[in-house]
Number of protein chains: 2
Amino acid sequence: MELLKKRILKDGEIITDQILKVDSFLNHQIDPYLIEEISSAFTSRFSDQIFNKILTVESSGIAPAVMTGFKLSIPVVFAKKNKPSTMIENAYTASIHSYTKNSDYEISVSSKFIKKGDRILIIDDFLANGSAARALISIAEQGGAKVGGIGIVIEKGFQNGGKLLREMGYRIESLARIESMSGNKIQFKD
Amino acid sequence: MELLKKRILKDGEIITDQILKVDSFLNHQIDPYLIEEISSAFTSRFSDQIFNKILTVESSGIAPAVMTGFKLSIPVVFAKKNKPSTMIENAYTASIHSYTKNSDYEISVSSKFIKKGDRILIIDDFLANGSAARALISIAEQGGAKVGGIGIVIEKGFQNGGKLLREMGYRIESLARIESMSGNKIQFKD
C-alpha cells in the first residue's frame, strides 16, 4: 500500500534497528483518513473471503479494525489486556510476550463473543515476532472459530512472526512489509 | 439519539444500579454501524464549532473518536494508560480515579500532539463521575489547548460528573443520558 509506505518513510521514527515508532499517525495520534485507506486495502485484499467477525487487541488495533468492520458490515471484538471488573462470565485467555517491554501479559475475550463456526479476520497494527497474532488465533480457536485471514498494517519482515504464521498455513496480508531498518534506513520488501 | 437508547435498552446489562455493561456493542464487541451513527450524531451536535483535533483515552473511546475524526477530517489523539517504552519525549499526564476498580491510574499524552491554539473535541464512551473527562481537559490545558466540547456516548446522569463539568462551563453533548438504573430499569433523561 503505497500511501502507507510513503507515510512510514515520512513520519516513522527509527528508534533502534528493531523498533519503529509510528505514533504520529497510527498508535497514539491517529490519522483517520489513513485508517480509512487501510480498511479499504484490507477489504480489497480479502475480497475473496467471507468473514462474520473481526478480532483485534486493544488499543492500536481498534481503529483499523472498526473501519474495516464498518466496510464489511460485521462486528469487531477487541481482546482486553486487563480483565475488566465487569467481565464476570467465562473468558478465553492467551499470553503475549512483549519483546520491547520484555514481559508477558494476558489478553482475554469474553466467551460470549467467539462462537463455534465464526469465520474470523484478525487485524492488528504490527506483526513482529507474531506473539499477539498467535494469542488472538488461540482465543479464536478456543471458541471453536476459524481464522480465515490476518490483516496487518505494518509487518517487520526481519522478525520471524510472519514466516512462522505463513508456515502454519495462515493467510497474512501486510500492507507494508519492512525488510530492514538497519543503517537508519527503512527498506520495504517487494 | 434514539438508535443508541434502543440499543442500550435491548442489549445493555444492568450489573448494579450504578454499573451498566454495554460490552456487546460498545466496549468489548463493537458494532461499527452504531459507531458510525454515533459519529454522525457528534458531528451534527457540534456543527456550530470548529475543532482541529479529537482527544480521547484508550480503549473504548477510540472507535467513536476515529469515526468522528474521519467525518471532521481531523486527527485523533488517544491518551495512554501506561506510558509506552517508546515514549521517550515529554508527556502531559493526569490521574483518573476508577470507582469501579477503586484505584487511581495515570494517563499520558506525548507533548508533541497537543499544541497551543489547538481547539479540541474530547470524546469518550462514558461520563459518570467525570474523572476521565477532567483528566483529558487537564492534559489539553497543560498543552495550551482549548477544549471546545465534550462528546459522550453514554452519560450516567445520576452521577455528578456531567453537572460539575457543565458548571465549569464545558459544553457536553451526551447521546444517551441515563437518569436512573434503579429497580433494574433504565430511565433516560429528556
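The values are calculated or read from the model by the stated rules, or taken from the named source; none is laboratory data. Since the structure is predicted, the reported quantities are computational estimates derived from the model, not experimental observations. For neighbour counting, all protein chains shown are included, and Cβ atoms are generated from backbone atoms with ideal geometry for every residue, glycine included. In case anyone asks, the SASA skips ligands and DNA or RNA and just uses the protein heavy atoms, side chains included. Shrake-Rupley method; radii C 1.70, N 1.55, O 1.52, S 1.80 Å.
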Task: Per-region count, the stretch B:170-187, residues in a strand (DSSP E or B) and not polar (S, T, N, Q) - done: 7
TODO: Check whether at least one residue in the stretch B:123-143 is closer than 30 Å to B:K6 by Cβ, over 14 Å from the mean Cα position of the chain (by Cα) and among the β-branched types (V, I, T), and report yes or no.
DONE: no
Open item on the list: For B:G117, only one of the following conditions fails: (1) within 24 Å of B:D23 (Cα to Cα); (2) part of a loop (DSSP other than H, G, I, E, B); (3) in contact (Cβ under 8 Å) with a residue 24 or more places away in the chain. What is its number?
Closed with: (1)
Task: Residue satisfying condition, being within 28 Å of B:Y99 (Cβ to Cβ), small (G, A, S), facing another protein chain (nearest Cβ under 9 Å) and in contact with a His (Cβ under 9 Å, 6 or more places away or on another chain), within set A:S59, A:S110 - done: A:S110
- [ ] Could you tell me whether A:F46 is in contact with a strand residue (DSSP E or B) (Cβ under 8 Å, 6 or more places away or on another chain) and under 26 Å from A:I139 (Cα atoms)?
- [x] yes
TODO: Would you mind finding the one in B:I123, B:I96 that is open to solvent by less than 10 Å² (accessible area, probe 1.4 Å), free of Cβ contacts under 8 Å to residues at least 60 places away in the same chain, in contact with a Ser or Thr (Cβ under 8 Å, 6 or more places away or on another chain) and in a strand (DSSP E or B)?
DONE: B:I96
- [ ] Please state which of the following conditions A:S73 fails to meet, knowing it meets all the rest: (1) among the small types (G, A, S); (2) buried (at least 20 other Cβ atoms within 10 Å of the Cβ); (3) more than 29 Å from A:E179 (Cβ to Cβ).
- [x] (2)
Open item on the list: The conditions are (1) in contact with a Ser or Thr (Cβ under 8 Å, 6 or more places away or on another chain); (2) modelled with pLDDT of 95 or more; (3) charged (D, E, K, R), and B:R177 fails exactly one of them. Which is it?
Closed with: (1)
TODO: Select from the stretch A:24-61 the residues that are open to solvent by 10 Å² or more (accessible area, probe 1.4 Å), closer than 30 Å to B:K81 by Cα and over 15 Å from the mean Cα position of the chain (by Cα) and list them in ascending order.
DONE: A:S24, A:Q29, A:D31, A:Y33, A:E36, A:E37, A:S40
Task: Residue list for the stretch B:128-169, restricted to those being in a loop (DSSP other than H, G, I, E, B) and either more than 28 Å from B:G12 (Cα to Cα) or open to solvent by less than 30 Å² (accessible area, probe 1.4 Å) (or both) - done: B:A128, B:N129, B:G130, B:G143, B:G144, B:A145, B:G157, B:M168, B:G169
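Could you list, in sequence order, the residues of the stretch A:16-70 that are within 23 Å of B:G61 (Cβ to Cβ) and in a strand (DSSP E or B)?
Of the residues in the stretch A:16-70, the ones within 23 Å of B:G61 (Cβ to Cβ) are A:21-39, A:42, A:53-70.
Once the filter is applied, which keeps residues that are within 23 Å of B:G61 (Cβ to Cβ) and in a strand (DSSP E or B), the stretch A:16-70 yields A:K21, A:Q29, A:I30, A:K53, A:I54, A:L55, A:T56, A:V57.
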